[in-house]
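Peer 1: Starting off with a structure, shown below.
The values are calculated or read from the model by the stated rules, or taken from the named source; none is laboratory data. What you see is a predicted model; the values in this text were computed from it and never measured. Here the Cβ positions follow ideal geometry from the backbone for every residue, glycine too, while neighbour counts run over all protein chains shown.
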Amino acid sequence: MPVILRLAAFALISGLIATPVSAYDVLVSVTGSLYGNTCTVSVDSKEITVPLGTIATRQFGESGAVSNVKTPFSINLEDCGPTFSGVKISFTGTPDTHNPELLKTEDNGATGVAVQLLDNRSVAIPLGTSTEAYGSAGAESVQMKFFARLAANGEAVNPGSVSAVATWVMEYQ
């Protein structure tokens, strides 16, 4: 019997002795910065007037004919954030009744023509369609070059003044 008591006493004493346990206090510190990838529109690009000049009606003998005059204009962005990686542009406005890819000219002016917008390589930009991305990653500023010209829309061409309004929309990459 004494043996059994010793075992019981040993079991009781070993239960009171603490076995080593690992415990840690953990502190996770998370830091960072949030930058916008947007730019500011330059003052010279907030309202742009593109003079198309005086163009003869004979240049528009058939539907789709375009003016030999294409006027360049630029949209300039500045103060681009460090995460800037490019921007696409699309133009919106009232589409021409006969060709919705073109910008309708104001009523009570020339008829049979509409405004065609072109990218920096002189490729037509249909209304509502995004261009390829302009600018490079990390650029501080971006100059985007475009052109405007008149195009015959299929209606009879009659002389008169030409005026149209487009809005441009930026899509950051």
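Peer 1: Among the residues of the range 123-143, write down those that are surrounded by 14 or more Cβ atoms within 10 Å (Cβ to Cβ) and either closer than 16 Å to Ser45 by Cα or among the small types (Gly, Ala, Ser) (or both).
Peer 2: Initially, the range 123-143 is screened for residues surrounded by 14 or more Cβ atoms within 10 Å (Cβ to Cβ), giving 124-127, 130-131, 133-135, 139, 141-143.
Passing the criteria: Ala124, Ser130, Ala133, Tyr134, Gly135, Ala139, Ser141, Val142, Gln143.
Peer 1: When the range 112-122 is examined, which residues are found to be of a type outside the set (Ser, Thr, Tyr) and loosely packed, with under 15 Cβ neighbours inside 10 Å?
Peer 2: Looking only at the range 112-122, we keep the residues that are of a type outside the set (Ser, Thr, Tyr), and these are 112-121.
Scanning the range 112-122 gives a single hit, Arg121.
Peer 1: With the checklist (1) of a type outside the set (Asp, Glu); (2) more than 21 Å from Thr38 (Cα to Cα); (3) in contact with a Phe, Trp or Tyr (Cβ under 9 Å, 6 or more places away or on another chain); (4) surrounded by 15 or more Cβ atoms within 10 Å (Cβ to Cβ) in hand, flag the one item Arg149 doesn't pass.
Peer 2: It fails just one condition, (3).
Peer 1: Please give the number of the condition Ile125 fails out of (1) within 19 Å of the chain's Cα centre (by Cα); (2) on the phi > 0 side of the Ramachandran plot.
Peer 2: Ile125 satisfies all of (1) within 19 Å of the chain's Cα centre (by Cα); (2) on the phi > 0 side of the Ramachandran plot except (2).
Peer 1: Taking only the range 137-157 into account, find how many residues are modelled with pLDDT of 95 or more and polar (S, T, N, Q).
Peer 2: Residues flagged as modelled with pLDDT of 95 or more and polar (S, T, N, Q) within the range 137-157 amount to 1.
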